[in-house]
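Each remark here refers to the structure printed beneath this line.
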Amino acid sequence: MRALDDAELAKIRFAVREFLRADRAEFGWQPAIDAWMAGWDEGFSARLGAAGFVGLTIPRRYGGHELGHLHRYVVTEELIASGAPVAAHWTADRQVAPSLLTYGTEEQRERLLPKIVAGQLYSSIGMSEHGAGSDLAAVSTKATRTDGGWLLSGTKVWTSGAHHAHQVVVLARTSPADPKHRHAGFSQFLVQCATPGVRIEPIILMSGAHHFNEVILDEAFVPDADVLGEIGNGWHQVTSELSFERSGPERILSTGPLLLAAIRALGSGPAPDDRTAAAVGDLLAQLISLRQLSLTVARTLTEGDDAANQAALVKDLGTRFEAESVELIDDLIETLPENRELETMLNMAWLHKPMFTLRGGTNEVLRGVIARGMGLR
């Protein structure tokens, strides 16, 4: 079993750390909570791509680096822990690239993968609907066959980054619902945001931030060349894709920049009392354990095996840790001197805290997924 501190992986870890240090010094971005979702910076994504830190698992014939999932894990961990603004390229690199490599046509791969490697393809995912959140089998967006392609009609919601994106990967129903086979009849489509019939409406957070959207499809035409995978195989494709979405370091480190800043602040003053030291030790022990679970998924994916159940477990435990860490850190730092950077991240963490356990499938529903995978349901 490969360790994350072996020479090759350590080399790429230190290389990305040096890139982040130099890039922040030159361009002035600040570490942020949930930067993988809210930190949209197209310039940063392009610079990261040019430095060779995007598309790590993509084959060289498409411009990628043909490395393993553990190489990507190391880079991802450093990016998330630093709070770097990675949202622009995030979904394309994390989810779209593996789907294209597994299910896409050669034409799609040649057209899209080099842009992903360059950090210059911005994609969002159209799964959830108003009546179909974690229960994706209730999706009602329809795709109807027409000459040369499909007409898509329906509404997607909580679509992160769609207002900036080039495309939305849409899950739609291509055959009538069958109550006895709820997961049958779905397909995936690469819907270009500039397509007539596609309308994107903002969903604004209480803070005024905007990264969620509602995507309305009104007979939007998608050519056959932009069908992703096989018609009718959408459910299998989506569940495979969700393993990448649910298991990475971003599911345990969304509050990582806050946690690291709090530990630095606590360590710069008088020696902490026993209660504070124990609380910090408990936080780090949980983080280390969750990291090992997340790494197990990365290794499973490296071997080409299914990791859906383990990924759901990482997402459940990891996002609960993220939410609970906000409250604990708030309590631990209340006696510290004023620290503007720390306070800014803490305020943002409180705003984002309710979302941690919802996105990527609510934890309550995922527990059912885990139970079924263990043969308990």
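The values are calculated or read from the model by the stated rules, or taken from the named source; none is laboratory data. The structure displayed is predicted, hence computed values, not measured ones. Don't worry about glycine lacking a Cβ; one is built from the backbone with ideal geometry, like all the others, and counts go over all protein chains shown.
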Which numbered condition in (1) hydrophobic (A, V, I, L, M, F, W, C); (2) more than 17 Å from Glu250 (Cα to Cα); (3) surrounded by 13 or more Cβ atoms within 10 Å (Cβ to Cβ) is the only one that Val297 fails? (2)
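For (1) in the same structural domain as Ser82 (by TED's automatic domain parsing); (2) of a type in the set (S, T, N, Q); (3) in a loop (DSSP other than H, G, I, E, B); (4) modelled with pLDDT of 95 or more, each residue gets a yes or a no:
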| site | (1), (2), (3), (4) |
| --- | --- |
| Pro196 | no, no, yes, yes |
| Ile216 | no, no, no, yes |
| Phe221 | no, no, no, yes |
| Thr239 | no, yes, no, no |
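Give the residues of the stretch 264-307 that are assigned to a loop (DSSP other than H, G, I, E, B) and not small (Gly, Ala, Ser), sorted by residue number.
Residues of the stretch 264-307 assigned to a loop (DSSP other than H, G, I, E, B): 268-273, 303-307.
If the condition is that a residue be assigned to a loop (DSSP other than H, G, I, E, B) and not small (Gly, Ala, Ser), then Pro270, Pro272, Asp273, Glu303, Asp305, Asp306 are the ones that fit.
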Given the conditions (1) surrounded by fewer than 24 Cβ atoms within 10 Å (Cβ to Cβ); (2) not in a loop (DSSP other than H, G, I, E, B), which single one is not true for Pro176? (2)
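Residues that are surrounded by fewer than 17 Cβ atoms within 10 Å (Cβ to Cβ): which helices (runs of 4 or more DSSP H) entirely in the stretch 1-92 hold 1 or more of them? Write out each step before concluding.
On the way: elements: 7-27, 35-38, 42-50, 69-82, 87-91.
Hits in the stretch 1-92: 7-27, 42-50.
Matching residues to (1) out of contact with any strand residue (DSSP E or B) (no Cβ under 7 Å at 6 or more places or on another chain); (2) in contact (Cβ under 8 Å) with a residue 60 or more places away in the chain; (3) assigned by TED's automatic domain parsing to the domain that holds Ala38:
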| position | (1), (2), (3) |
| --- | --- |
| Gly104 | no, yes, yes |
| Arg111 | yes, no, yes |
| Lys115 | yes, no, yes |
| Asp147 | yes, no, no |
| Leu152 | no, yes, no |
| Val168 | no, no, no |
| Ala184 | yes, no, no |
Which one of these does Trp158 not meet: (1) at positive phi; (2) among the hydrophobic types (A, V, I, L, M, F, W, C); (3) not in a loop (DSSP other than H, G, I, E, B)? (3)
The stretch 99-110: number of residues that are touching a Ser or Thr at 6+ places or on another chain (Cβ under 9 Å) and farther than 12 Å from Pro59 by Cβ: 3
